[in-house]
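Notes follow once the structure below has been shown.
The values are calculated or read from the model by the stated rules, or taken from the named source; none is laboratory data. Fair warning: this is a prediction, and the values are worked out from it, not measured in the lab. In this analysis, Cβ positions are derived from the backbone assuming ideal geometry, glycine residues included, and neighbour counts consider all displayed protein chains. The area values use the complete protein model at the heavy-atom level, side chains included, leaving out ligands, DNA and RNA. Shrake-Rupley method; radii C 1.70, N 1.55, O 1.52, S 1.80 Å.
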Amino acid sequence: MTLFARSFLLIALLIVTAVLASFQIYLVYEREPRSRELAQQTVSVINLTRAALVSADPFRRRQLLIDLNESEGLRVYPATLSERLAPLPGDPLLNRVAQRVRTALGENTRFAYDGEEGFWVSFFIDSDEFWAMLPLERFAPAFGLQWLGWGLGLLALALAGAWLIAFGIARPLAGLTRAAGRLGRGEPHQPVPEEGARELLALAAAFNRMASDLAGMERERAMVLAGISHDLRTPLSRLRLMLEMSGAESTASEAMITDIDEIDAVIGQFLDFARSETGDKSENDLNELLDDLAGHYARLGRKVSFRHQPMPTFAFARMAVRRAVANLVDNALRYAGEPVEIRTSTAEGKICIEVLDRGPGIPPGEAERLKRPFTRLDGSRAGPGGAGLGLAIVERVARAHAGALQLLPRDGGGLLARLVLATATR
């Protein structure tokens with residue numbers, strides 16, 4: 001669950017609980033004055049009804065009862081021995097009203113309850129007992145649709161406030177998450193707005209300082225590596241030229257030139273690794289790029305085949321991806337030999353580039369370690385040459401395209417190096 005959803009649900013739950021608790025507290029504290037008012041009304045109605053029946057002309061009592069029923073909803077019946085009336089329910093309000101009415105009218109007062117018609121109270125005229133039925137509307141809470149509408153409206157406003165509070169908490173953190181993702185993919189840092197609460201403002205400021213420091217360290221590292229590599233290549237070029245013009249023995253000269261080329265290749269890896277940026281992304285045809293790369297190796301006399309699937313063009317850094325695939329192919333040729341196969345495929349909105357060989361492979365548990373800079377495998381794939389930067393460069397290119405580098409065992413023996421690229425990065 002996201003921080004926004006968690007915060008909103010917790011605040012909304014707190015608001016709803018507070019509203020329900022407030023309503024319950026209101027009902028409890030409202031019970032006493034309301035029971036007093038209802039008891040006074042009931043006593044007044046019973047006393048007035050009894051007085052009217054006593055003082056009325058016997059021939060007009062029937063009409064009086066009809067008028068009371070029509071005007072006040074009050075019905076009066078004589079008590080009989082065969083009557084069956086339900087007792088009062090366990091409602092605290094009705095029980096409190098009955099207690100007060102009994103205190104006012106006498107201990108002989110009886111009560112009954114009819115959930116469909118009303119509240120029954122007995123009274124006496126001389127020795128005759130009567131029942132008076134008061135309509136339930138007198139005892140029902142005065143909460144109508146208007147009150148319900150106001151309550152729902154206030155609850156909606158409270159939930160909208162909870163949404164705004166949760167959004168205000170989650171939005172800066174979501175911005176930090178996106179900025180951290182861009183930083184991890186090697187994209188240029190875009191400063192995070194330093195706004196909001198004091199804690200969030202301090203967090204955004206600390207993140208911006210950290211990103212700026214990392215960018216400065218990366219620039220300095222690139223300058224140092226590029227400077228060292230450039231300074232080394234200059235005397236190497238002079239040394240090679242002197243060997244070619246020295247007239248030394250051909251075998252010894254070629255061996256030294258080979259060593260110089262190997263040193264130059266290592267320096268080239270340093271320069272590639274020093275390039276922290278992958279270049280601008282633009283719409284390119286990946287199959288065309290890899291077909292051209294396979295053709296380059298064919299012109300060098302190397303057995304590198306390319307098998308592809310149709311795929312649309314998408315935005316990627318052309319030179320960076322070419323350099324990454326070339327590193328994987330060079331590793332395969334150096335440690336596994338020929339033939340090497342390149343494949344492309346698509347899966348779940350991502351592009352997969354696979355470089356396959358039939359070499360000794362990589363021992364389990366070593367794949368992640370080999371992706372770190374200046375790391376080489378001690379064993380069958382650790383032949384001469386290389387500075388341990390090839391896979392680190394490929395890993396960096398993969399991250400810059402919101403992808404990954406996977407080093408997997410190939411069916412039947414060998415290594416499957418899979419470079420995964422996202423077709424769109426956020």
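For a quick check of your reading of the model, give me the residue pairs whose first member lies in the range 28-40 and is loosely packed, with under 11 Cβ neighbours inside 10 Å, whose second is among the acidic types (Asp, Glu), with beta-carbon atoms closer than 8 Å and at least 6 apart or on different chains.
Every condition considered, no pair remains.
Do we have any residue at all in the range 306-318 that's assigned to a helix (DSSP H, G or I) and under 18 Å from Val355 (Cα atoms)?
Filtering the range 306-318 down to residues assigned to a helix (DSSP H, G or I) leaves 318.
Narrowing the set further to residues that are under 18 Å from Val355 (Cα atoms) leaves 318.
Yes.
As an exercise: evaluate Glu354 against (1) open to solvent by 40 Å² or more (accessible area, probe 1.4 Å); (2) closer than 16 Å to Ala398 by Cβ; (3) of a type in the set (D, E, K, R); (4) not in a helix (DSSP H, G or I) and give the number of the one condition it does not meet.
Going through the list (1) open to solvent by 40 Å² or more (accessible area, probe 1.4 Å); (2) closer than 16 Å to Ala398 by Cβ; (3) of a type in the set (D, E, K, R); (4) not in a helix (DSSP H, G or I), Glu354 breaks only (1).
Does the range 361-379 contain at least one residue that is modelled with pLDDT of 90 or more and assigned to a loop (DSSP other than H, G, I, E, B)?
Residues of the range 361-379 modelled with pLDDT of 90 or more: none.
Checked the range 361-379: no residue is modelled with pLDDT of 90 or more and assigned to a loop (DSSP other than H, G, I, E, B).
Taking the residues in the range 380-411 that are part of a loop (DSSP other than H, G, I, E, B), modelled with pLDDT of 75 or more and not hydrophobic (A, V, I, L, M, F, W, C) as candidates, determine which candidate is most open to solvent (accessible area, probe 1.4 Å). Reasoning before the result, please.
Going through the range 380-411, the residues part of a loop (DSSP other than H, G, I, E, B) turn out to be 380-389, 401-403, 410-411.
Filter once more, so that each one left must be modelled with pLDDT of 75 or more: 389, 401-403, 410-411.
Cutting the leftovers down to not hydrophobic (A, V, I, L, M, F, W, C) gives us 401, 403, 410-411.
Working: His401: 1, Gly403: 24, Arg410: 43, Asp411: 135 Å².
My answer is Asp411.
Which residues, counting only those in the range 223-264, are surrounded by 10 or more Cβ atoms within 10 Å (Cβ to Cβ) and outside any helix (DSSP H, G or I)?
Result: Ala248, single match.
Ala315 passes all but one of (1) farther than 30 Å from Gly216 by Cβ; (2) open to solvent by less than 80 Å² (accessible area, probe 1.4 Å); (3) at pLDDT 85 or above; (4) in contact with a Lys or Arg (Cβ under 8 Å, 6 or more places away or on another chain); which number fails?
(1)
For the range 163-222, name all the residues that are among the aromatic types (Phe, Trp, Tyr) and open to solvent by 70 Å² or more (accessible area, probe 1.4 Å). Give the steps one after another, and end with the answer.
Looking only at the range 163-222, we keep the residues that are among the aromatic types (Phe, Trp, Tyr), and these are 163, 167, 207.
Selection gives Trp163, Phe167.
Given the conditions (1) modelled with pLDDT under 85; (2) more than 23 Å from the chain's Cα centre (by Cα); (3) not small (Gly, Ala, Ser); (4) not in a helix (DSSP H, G or I), and given that Leu154 satisfies all but one, which numbered condition is not satisfied?
In the conditions (1) modelled with pLDDT under 85; (2) more than 23 Å from the chain's Cα centre (by Cα); (3) not small (Gly, Ala, Ser); (4) not in a helix (DSSP H, G or I), Leu154 misses (4) alone.
Which ones in the range 238-282 are basic (Lys, Arg) and modelled with pLDDT under 70? I'd like the intermediate steps shown before the answer.
To start, the set of residues in the range 238-282 that are basic (Lys, Arg) comprises 238, 240, 275, 281.
The one that is basic (Lys, Arg) and modelled with pLDDT under 70: Arg275.
The rows are residues; the columns are (1) touching a strand residue (DSSP E or B) at 6+ places or on another chain (Cβ under 8 Å); (2) open to solvent by 90 Å² or more (accessible area, probe 1.4 Å); (3) assigned to a helix (DSSP H, G or I).
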site	(1), (2), (3)
Val19	no, no, yes
Ile25	no, yes, yes
Ser44	no, no, yes
Leu48	no, yes, yes
Ala52	no, no, yes
Leu65	yes, no, yes
Leu88	yes, no, no
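Evaluate the following for Arg6: is it farther than 30 Å from Phe167 by Cβ and not polar (S, T, N, Q)?
Numbers: farther than 30 Å from Phe167 by Cβ: no; not polar (S, T, N, Q): yes.
Criteria not met by Arg6.
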